[in-house]
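Report on the following structure.
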Amino acid sequence: MNRHPKAWLSEVRFDVAAAVVGLVAAVGLLPLAALTSSLYVRTVPVVLGAACGVYLLSVRREGAVERRLPAVDASGVAAAELVGIALVGIATWAALAGTRTLGILVASGAVGAAILLETVFLAEEALDERLVLAQILAHAFVVRYTGLFTTPGFVGVDSWEHTTQYAAAVQRAGSLSPLADAKYFLAPVHHLVTVVGSDLLGVSLRLSLYLVVGSTVVLSVLLVYGTARYFVDARWALFATGAFAMTDQAIRWGMHVIPTSLGLVFFLGVVFAVVRLLHAETGAADWALLGGSIVAVTLTHQVSAFVSLVFVGSAVVAQLLVGRVGWTAGAGSLAGSAALGAESGDPITDGASWTAPGVVGLHGAFAFHLLFTGGVWAATPWGGEPFLTRMVGIVALTVRRSAGFLNLASSEGGAAAAAAGGSGPASALLTRLATYVDAVGFLVLLFAAVLGGLALVRRHRSPQAAQTLVVAIGAMLFFSLGLPLFGIRTFLPGRWFAFAYALMAVVGAAGLRHLGTRFATRAAAAVLVVLVLAFPFAMVAGQKATLDDPTFDEQWSKYAYTESEIAAMETIGETTPASAGAVFTDHPWRTAFKSSGAYFSDTINLTRVDGTDPPYDRVVYRDYQSTGAPKFTTVGGAVVTRRIAHDRICPAGSNRVYENQNAELCTRPGA
Amino acid sequence: MADDSITRPRGFGDLILLVALVAAFDLVVALSVAPSALRLALGLPVVLLAPGYAVVVALYPRDEGRSDPTRPRATASPAPESAVDAIDPSVRVGLVPVASVAVLAAVAVVAAVRGSVMATLIGVAGAGTVLAGLVRRSEPSVVFGGAALFAATVLAATGPASAESVLLGGFGAVVAADLGTFGLGLDHDADAAVATTRVELLHAVGSVVVAISTAGVGYALFEAAPRGGSLGVVALLLGGVVLAWLLRE
């Protein structure tokens with residue numbers, strides 16, 4: 001019998017095959033846990049295997065009637081009022097406390113959990129999507145702005161530099177000439193918007209940054225709703241929106257407002273435009289929306305533009321998979337799929353009739369993205385040469401020199417946790433607890449996304465869109481989790497999570513919906529309650545979501561400073577002559593120090609304060625170095641998080657050149 | 001569950017309100033008499049909403065399109081005149097500040113970037129559009145791309161670009177658009193089996209001769225105009241218009 005060489009592909013049930021492969025891969029990866037202490041190497045295979053296993057179990061129940069989750073017959077308006085009162089209470093509490101205390105974080109997590117539970121379990125007639133969206137936005141604003149407005153100065157590392165150096169210089173000059181040698185010369189959107197906001201509103205750059213850029217970052221989560229609405233019904237689209245808005249990474253870029261934040265906003269525009277083009281009756285306006293978003297993301301931030309390029313590239317891969325390979329029906333066998341009926345296997349048709357999905361060509365959009373972004377990068381200056389050639393050189397060098405399997409280039413968080421201060425068992429337990437709390441949210445999202453990915457590739461409606469998201473999530477997790485396994489961190493893996501989370505929230509919502517409709521009502525509801533409760537608490541209290549006042553003071557560094565520390569920074573910056581050489585202090589304070597003056601500042605190496613190496617001429621001490629989680633370097637340049645006594649930084653014989661409530665500048669006698 | 005219907009009121013009430021808000025804010029800024037709180041209260045919606053609202057309304061006019069995003073698309077390639085799916089109001093709210101920020105940045109870029117850099121960007125986009133128009137056999141795209149190339153040349157003329165390169169770029173843009181549209185016209189009118197290379201070459205020679213002649217006049221005007229003023233640009237524009245007219249004839 002003659003068969004087309006690819007015929008077998010269209011007969012394979014792709015979702016089941018992928019789940020089996022995932023399960024086998026997860027089991028195969030389990031032994032890696034013995035080779036490394038990396039949390040993700042230990043946990044990701046377990047989560048992957050669990051999700052694939054649950055999906056395979058659900059496939060066995062496919063003939064059963066679709067179940068409905070138990071609905072709570074309460075008033076949606078009353079729930080919104082309660083959420084509103086709680087959020088006002090949290091804002092007032094933070095204003096009185098002057099920071100986001102642990103209690104405030106717990107309360108924020110509780111309100112987030114309430115919103116998600118309301119979204120999942122409120123009866124159909126009581127669920128008003130605009131009311132829920134308003135609650136999600138209000139929660140997002142309160143979580144971010146309580147942190148921003150109770151923190152003097154800026155939160156994070158780069159926001160100091162972008163505002164006090166780049167944006168301020170552009171504002172003074174009235175042109176982009178101050179950026180002429182920086183890689184932001186052709187990616188100036190963030191700085192320009194900050195400056196324009198400041199000029200138009202008559203406010204400081206800081207306030208403009210928070211009000212104009214910060215608000216846009218929060219409001220852009222509505223694009224996740226728009227994207228999710230094409231995949232799932234309104235209830236689960238609301239869930240996806242809420243889940244994304246509550247992720248630690250979304251909170252991080254809403255508080256640490258830098259070009260990455262605005263890059264994320266335009267990336268959401270790219271995702272929405274692509275998904276819309278793959279689903280809706282579209283016209284030139286939709287292509288304009290996609291083109292405009294691509295141009296905007298390219299002119300905002302290089303990493304964001306690369307992530308966007310990977311996403312649009314994933315859409316082209318999906319186009320080839322669906323159009324050429326023949327996985328058009330997602331379910332594999334076309335006949336089998338059609339026989340299942342319109343709704344079966346498709347989580348979102350809402351009773352709509354099934355139509356031939358067709359393929360939307362996105363290769364032109366990808367080519368435009370590639371050419372435009374590549375062209376801009378070729379003209380972007382970076383360290384005296386074009387950004388494009390220098391970046392290619394750096395990647396090649398990294399691959400040649402440091403790449404190797406399990407050559408784990410440690411992330412900041414991992415290093416900090418591993419070397420956290422204190423040696424007692426209680427401290428070790430707290431260190432482990434902090435590490436797991438930080439990972440729980442991601443793992444819950446990963447579980448839901450794997451489940452959702454398997455469920456979505458079986459959908460009838462626009463399998464190209466489903467496969468775009470699945471391929472993109474896979475590619476993005478490869479860049480953020482896979483390449484660091486080989487020692488390659490050139491692509492800034494930490495920046496990819498926020499972008500991946502947007503897609504994972506959409507796909508994850510489909511996954512949890514699948515869970516709810518395939519298993520016994522009570523069991524599914526119980527699992528959903530646990531996941532929905534754990535997720536917001538873990539995310540809102542995660543390391544990246546609490547840069548302003550960490551949940552675990554001893555394990556996670558604080559990336560915000562007191563009034564006294566900022567005053568010390570400014571005075572020392574103004575009074576220390578540039579000829580004096582470097583000023584040394586802890587990380588991360590030294591990063592903000594850069595913005596106080598044009599001279600060099602660096603991290604204290606502990607070998608130069610414990611007598612091993614010659615002492616520094618100028619060091620700056622702050623109380624946080626004895627009470628918080630400051631980072632220092634030590635032998636071989638390794639970074640450690642360690643508390644250190646005042647007298648070791650400023651010994652008894654040193655000169656106190658400057659001193660205030662929290663900080664002091666010490667110089668070596670005779671220096 | 002809220003109704004999925006997204007019908008919106010007809011009329012221009014919202015746009016008139018928007019213009020009034022912008023005008024009020026302009027007055028507040030121009031007169032510099034209002035307290036800063038009022039400037040902030042009026043300015044924040046103007047900055048965050050006004051530009052983006054206009055863009056979103058222009059892209060997705062109200063009262064058009066189907067309202068249910070879960071409905072499958074009827075065809076993979078809808079007819080050019082078919083209704084575009086509407087955008088959910090909640091999503092519009094998300095799109096508006098994003099578009100506002102993009103517009104603000106674009107305006108600031110035009111104000112802040114030197115002409116030559118901006119001209120390069122627009123020129124690259126124009127060249128891409130001409131090529132895309134030729135590949136897709138779209139005459140409007142070729143014309144639009146040629147116009148973008150010409151605009152880039154005019155922009156370059158306001159910057160440090162030399163008169164010679166500006167002239168070369170300007171006339172090159174018009175000739176490219178003319179040849180492109182002529183070729184597409186032939187492609188449309190003539191049978192695929194007919195060889196048109198000779199006709200196209202003749203047209204190209206004619207166009208280039210006209211271009212060189214006009215370039216001389218344009219260059220003379222450019223050189224005669226006082227330095228530092230805008231008359232040189234006007235001369236260039238005039239030359240471009242005359243050239244375009246001659247080639248059309």
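All of the numbers you see were taken from the coordinates with simple rules; none came from a lab. Note that the structure is predicted; figures quoted are calculated from it, not measured. Every residue, glycine among them, receives a Cβ derived from its backbone with ideal geometry; neighbour counts consider all protein chains shown.
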Task: Two-decimal Rg/Rh across the stretch A:563-667, once Rg and the Kirkwood Rh are taken from alpha-carbon atoms - done: 0.92
Open item on the list: If I model a spin label at B:LEU15 and A:LEU397 as a point 7 Å from the Cα along the Cα→Cβ vector, what separation in nanometres do I get?
Closed with: 5.4 nm
Open item on the list: How tilted is helix A:302-320 with respect to the longest principal axis of chain A? Cα atoms for both, answer in degrees (0 to 90, nearest 10).
Closed with: 10 degrees
Open item on the list: Which residues among the stretch A:531-566 fall inside the zone where the amide N is under 16 Å from a point 7 Å beyond the Cα of A:ASN660, along Cα→Cβ?
Closed with: A:560-566
Open item on the list: Please compute the modelled spin-label separation between B:LEU202 and A:LEU29, points set 7 Å along Cα→Cβ, answer in nm with one decimal.
Closed with: 6.8 nm
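Over all directions, the average projected area of the alpha-carbon convex hull for chain A comes to how many nm²?
On the way: hull surface 128.6 nm².
Taking the Cα atoms of chain A, their convex hull projects to 32.2 nm² on average.
By counting other Cβ atoms within 10 Å of each Cβ, how are A:ARG522, B:ARG92 ranked from fewest to most? Spell out each step's value before the answer.
Working: A:ARG522 10, B:ARG92 21.
Neighbour counts put them in this order, fewest first: A:ARG522, B:ARG92.
Mind ordering A:189-196, A:152-159 by average Cβ neighbours within 10 Å, highest first?
A:189-196, A:152-159
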- [ ] Pop a pseudo-label 7 angstrom from the Cα along the beta-carbon direction at both A:HIS646 and B:VAL107 and give the gap in nm to one decimal.
- [x] 5.3 nm
TODO: Would you mind ranking A:GLU574, A:GLU81 by Cβ crowding within 10 Å, fewest neighbours first?
DONE: A:GLU574, A:GLU81
- [ ] Please give the helix A:521-540 orientation as an angle from the longest Cα principal axis of chain A, in degrees from 0 to 90, rounded to the nearest 10.
- [x] 20 degrees
TODO: Report the FRET efficiency, 1/(1 + (r/R0)^6), for A:VAL106 and A:ASP623, where r is their Cβ-Cβ distance and R0 is 25 Å, rounded to 0.05.
DONE: 0.45
TODO: Can you work out the PRE-style zone for A:TRP93? Point 7 Å along Cα to Cβ, and I want the residues of the stretch A:516-554 with backbone N under 19 Å.
DONE: A:533-543, A:545-553
Task: Distance from the stretch A:85-154 to the stretch A:525-562 (C-alpha centre basis), Å - done: 14 Å
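Between A:TYR436 and A:SER37, what is 0.36 nm times their sequence separation minus the Cα-Cα distance? Round to one decimal in nm. Could the numbers behind the result be given before it?
Numbers: separation 399, 0.36 × 399 = 143.64 nm, distance 1.27 nm.
Fully extending the segment from A:TYR436 to A:SER37 adds 142.4 nm.
Counting other beta carbons within 10 Å of each Cβ, put A:ASP128, A:ASP610 in order, fewest first. Write down the numbers at each step before the final one.
Values: A:ASP128 18, A:ASP610 12.
Ascending Cβ contact count within 10 Å gives the list A:ASP610, A:ASP128.
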